[in-house]
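The values are calculated or read from the model by the stated rules, or taken from the named source; none is laboratory data. Remember, it's a predicted structure, so these values are computed and weren't measured experimentally. All Cβ positions, glycine included, derive from the backbone under ideal geometry; neighbour counts span all protein chains shown.
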Amino acid sequence: MIIKDSYYDDRIVFKPWGFEHMLLRIKNEVLIKYLNIEYNKQTSLHSHPTKKTGFIILNGKALVQYGIYRSNNKVYNPLSRLVIRPGLFHSIKAISKKGLQVLELESPVDQNDLIRLSDKYGRKFKSYEGKNFTTKSNNINYKLEINNKKNHSFTIGNTFVQIEKKKNFKDIKKNDLTTSAILKGEIVDKKGQSVIKHGEIVKTTTLKILSSLFRIKVPFLIIRVSQIKKK
């Protein structure tokens, strides 16, 4: 499977809470980012009016606020999945001493689709960080590329991250505990209506079940996240 207009993006955007690294972009459909949030720091309370965002916690604990009320929050551990609908205000805080590492999936791609309601670092009502906060870096130990010869992967803490191409999900076991972010692919019903497609974060077993009940219209490219078993 060849994915056109996709590329590895080595841009790093510095934030007052840490940094985000643009890992992989497919056209204007999907962007995967790696977030590193330092201990006791947090993103702004913000929303995206038109795009959907999703998160997979890789390492550390996250305190996530949903909506504009501080009391509406929840703690998430590694391998947790979060999907944020367009327009929903949210904020993520690192509450583990070693910080927080997260994969973020956005669809469609639009960095300026942002409304900041409040911010601890003086960015209230301000737009997305520009070129002055952006740099390129090759000194990293995590990378995701689309390659027909091998599946790229990296490890963060006790979490293993790998990019995979899937024509079907027959090899996925019923007790599989992995999480998948869909970069490419679509499952449709008999009428051609979309059941699931790019931009979603789900249990990998969900894709196995759906593909057994409906038809895979477009082969899948996923980022699959699993927990490394301790010896």
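Does region 26-47 contain at least one residue that is buried (at least 20 other Cβ atoms within 10 Å of the Cβ) and modelled with pLDDT under 90?
Yes: one or more hits.
Only one of (1) at pLDDT 90 or above; (2) closer than 30 Å to Lys41 by Cα; (3) surrounded by 17 or more Cβ atoms within 10 Å (Cβ to Cβ); (4) not assigned by TED's automatic domain parsing to the domain that holds Tyr66 is not met by Leu207, so which one is it?
(2)
How many residues does region 184-198 contain that are crowded, with 20+ Cβ neighbours inside 10 Å and out of contact with any helix residue (DSSP H, G or I) (no Cβ under 9 Å at 6 or more places or on another chain)? Give the steps one after another, and end with the answer.
First, pick out the residues of region 184-198 that are crowded, with 20+ Cβ neighbours inside 10 Å: 184-185, 187, 198.
Right, trim to out of contact with any helix residue (DSSP H, G or I) (no Cβ under 9 Å at 6 or more places or on another chain) and you get 184, 198.
So the count comes out to 2.
Kindly provide the set of residues from region 49-63 that are surrounded by 14 or more Cβ atoms within 10 Å (Cβ to Cβ) and either of a type in the set (S, T, N, Q) or more than 15 Å from the chain's Cα centre (by Cα) (or both), ordered by number.
To start, the set of residues in region 49-63 that are surrounded by 14 or more Cβ atoms within 10 Å (Cβ to Cβ) comprises 51-63.
Thr53, Asn59, Gly60, Lys61, Leu63 - these are the residues of region 49-63 that are surrounded by 14 or more Cβ atoms within 10 Å (Cβ to Cβ) and either of a type in the set (S, T, N, Q) or more than 15 Å from the chain's Cα centre (by Cα) (or both).
Under the condition of being β-branched (Val, Ile, Thr) and farther than 16 Å from Thr53 by Cβ, which residue from region 71-116 is surrounded by the fewest Cβ atoms within 10 Å (Cβ to Cβ)? Spell out the reasoning first.
Applying the first criterion (β-branched (Val, Ile, Thr)) to region 71-116 yields 75, 83-84, 92, 95, 102, 109, 115.
The next check asks that each one be farther than 16 Å from Thr53 by Cβ; those that pass are 75, 95.
Values: Val75: 11, Ile95: 16.
Per the stated criteria, the residue is Val75.
Where in region 51-123 are the strands (runs of 3 or more DSSP E), entirely inside, with at least 3 residues that are under 22 Å from Val30 (Cβ atoms) and of a type outside the set (A, V, I, L, M)?
Result: 52-59, 100-107.
In the list Thr53, Thr43, which residue meets the criterion of being among the polar types (S, T, N, Q), under 20 Å from Lys203 (Cβ atoms) and outside the structural domain of Lys203 (by TED's automatic domain parsing)? First the steps, then the outcome.
Numbers: Thr43 fails: under 20 Å from Lys203 (Cβ atoms).
None of the others qualify; the one that does is Thr53.
Kindly indicate the residue of region 107-136 that is free of Cβ contacts under 8 Å to residues at least 12 places away in the same chain and of a type in the set (Lys, Arg) and also nearest to Lys184 (Cα to Cα) among those meeting that condition.
Out of the qualifying residues, it is Lys131.
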